[in-house]
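The values are calculated or read from the model by the stated rules, or taken from the named source; none is laboratory data. None of the values given here were measured: they were computed from a predicted structure. Using ideal geometry, Cβ is built from the backbone for each residue, glycine included, and neighbour counts are taken over all protein chains shown.
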Amino acid sequence: MIVPFSHILLLAGVLFSLGMFCALARRNLIMIVLGIEIMLNGASIAFVGSALHWQQLEGQAFVLFILAVAAAEVSLGLAILLHAFRRTGSFDPEAYNSLK
């Protein structure tokens, strides 16, 4: 059974919107990083779905770059979060004004 292209794009749009809401809600910095990761996954699903729909491999190549950027972003982001948590003792984004 082949999934229609519109369903793939709908799933990608829902994931991207959910990630954007999670990133903009700003409860704590871990939720912001998680929201960015969900947005990247939504974009990856759209690229793979488009690659399958048009029988081109460029979309899947973009997904490999997205995965590499996501891995680098998570490692750097968590290192920065741990450093900031050690200085402030909180994951609240409002507490990081003193780090400027």
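Filter region 91-100 down to the residues that are surrounded by 11 or more Cβ atoms within 10 Å (Cβ to Cβ) and assigned to a helix (DSSP H, G or I) and list them by number. Spell out the reasoning first.
Taking region 91-100 and keeping what is surrounded by 11 or more Cβ atoms within 10 Å (Cβ to Cβ), we get 91-93, 95-96.
Residues satisfying the conditions are 93, 95, 96.
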Within region 1-42, residues surrounded by 13 or more Cβ atoms within 10 Å (Cβ to Cβ), more than 26 Å from residue 75 (Cα to Cα) and of a type in the set (Val, Ile, Thr) come out as 8
Kindly list, by first and then second residue, each pair from a residue in region 14-37 that is more than 13 Å from residue 94 (Cα to Cα) to a residue that is in a helix (DSSP H, G or I) and charged (D, E, K, R), limited to pairs with Cβ atoms under 8 Å and residues at least 6 apart or on different chains.
19/37; 33/73; 36/73; 37/73
Out of 90, 17, sole residue that is of a type in the set (Ser, Thr, Tyr) and modelled with pLDDT under 85:
90
Identify all residues within region 42-65 that are among the polar types (S, T, N, Q) and in a helix (DSSP H, G or I); write none if there are none.
44, 50, 60
Residue tally, condition surrounded by 14 or more Cβ atoms within 10 Å (Cβ to Cβ) and small (Gly, Ala, Ser), over region 70-90:
3
